1. Among all residue pairs at least 6 apart or on different chains, which show Cβ distances below 9 Å where the first residue, located in the range 4-16, is charged (D, E, K, R) and the second is near ligand 2 (Cβ under 7 Å from one of its atoms) and not in a loop (DSSP other than H, G, I, E, B)?
2. Mind telling me which of the residues Ala207, Ala155, Ala180 ends up being among the aliphatic types (A, V, I, L, M) and part of a helix (DSSP H, G or I)?
3. Suppose we filter Asp141, Asp160 for residues that are more than 16 Å from ligand 1 (Cβ to nearest atom) and either at pLDDT below 95 or in contact with a strand residue (DSSP E or B) (Cβ under 7 Å, 6 or more places away or on another chain) (or both); which single one remains?
4. Six or more apart or on different chains, Cβ atoms under 8 Å: show the pairs whose first residue is in the range 192-215 and closer than 18 Å to Arg61 by Cα and whose second is of a type in the set (Lys, Arg) and assigned to a helix (DSSP H, G or I).
5. When the range 98-108 is examined, which residues are found to be surrounded by fewer than 18 Cβ atoms within 10 Å (Cβ to Cβ) and outside any loop (DSSP other than H, G, I, E, B)?
6. Restricting to the range 184-213, what's the tally of residues that are under 25 Å from Thr83 (Cα atoms) and in contact with a strand residue (DSSP E or B) (Cβ under 9 Å, 6 or more places away or on another chain)?
7. Taking Leu230 as meeting all but one of (1) touching a residue at least 12 places away in the same chain (Cβ under 8 Å); (2) under 21 Å from Val164 (Cα atoms); (3) of a type outside the set (Ser, Thr, Tyr), write down the number of the exception.
8. State all residues of the range 1-36 that are part of a helix (DSSP H, G or I) and within 11 Å of ligand 1 (Cβ to nearest atom); if no residue qualifies, say none.
Amino acid sequence: MDSTHFDCTGCGKCCTDLRLPLTFPEAVLWIERGGQVDLLCEALPWPVEPAADNAYAAYKRRRTFAASSGELPIRVGMTLAATFSGPCPNLGKDLRCGIYAQRPLVCRVYPAEINPFFALKPEFKLCPQEAWQAPTPFALDGVLVDAVTRDAIDASRRADEGSVEMKRALCERLGLDQAAVANEGFVIVTPERTRLLEALIEVQNDACAPGASERSWTFVSNRRATVDTLIQVGALGVMDVDASRESRQYIGL
Ligand code: SF4
Ligand code: SF4
């Protein structure tokens, strides 16, 4: 049996220089505590519905909303992300989390994976080697042993799926209509904090009915071939973000 052992050493490396995915309530709390929240936008061409037994496509579908880019049907994913350079504003000098009981779900999950299609690979994690040499079993044959982490992963996935219509409504309210091609990068939008806080609260209080985005979205890519291909199939594609309306940037992976 393949076993992974892990115990957090409290080194604090996973609390530095992050874009930390947040749920809606976590994003509200983060801003209210004085933090910055960005919106990370990506999109997938979705010309036809994939086969029902395509588990990866079904996973993506549950986490994205329908939209169009020119003539091309697409699905858009948006992630709310707490953004900071250097140590997290909640990280104490003793490397302890200052909001431990209220820390975001994603902080409770690390170093495990939320995406069921990603295997846990210690070599891709920030944890020091000694953390992986602990006697505590963490995963057996790829299945997490730790029930608390499993519960946090389940809660994170439920929150992600359950907030898709709110994400669509938030994008509409903030006028977002540019997204990176999924797996190539992200369009990162940094709305003014008060405006974003108001929009988050309004969207959470509204009953967001299922539906498609009313906007025609534009793909952004730093790859000429990607943009040309998208335009050939009737989509809208550009090589850079429209930074004229608010703070936007493109980050390629
Ligand atoms: S909220 Fe706490 S656990 Fe999460 S990154 Fe910040 S200091 Fe680390
Ligand atoms: S990087 Fe790993 S060992 Fe270090 S604090 Fe984060 S989870 Fe713990």
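1. Pairs that qualify, where the first residue is charged (D, E, K, R) and the partner is near ligand 2 (Cβ under 7 Å from one of its atoms) and not in a loop (DSSP other than H, G, I, E, B), are Asp7/Ala131.
2. Ala155
3. Exactly one residue qualifies, and that residue is Asp141.
4. The qualifying pairs are Cys208/Arg168; Gly211/Arg168; Ala212/Arg168; Ser213/Arg168.
5. Across the range 98-108, the qualifying residues are Tyr100, Ala101, Gln102, Arg108.
6. Of the residues in that region, 13 qualify.
7. Just one mismatch for Leu230, condition (2).
8. Scanning the range 1-36 gives Lys13, Cys14, Cys15, Glu26, Leu29, Trp30.
The values are calculated or read from the model by the stated rules, or taken from the named source; none is laboratory data. Just so it is clear, the model here is predicted, and its values are computed rather than measured. Positions of Cβ are generated from backbone atoms using ideal geometry, with glycine treated the same way; all protein chains shown enter the neighbour counts.
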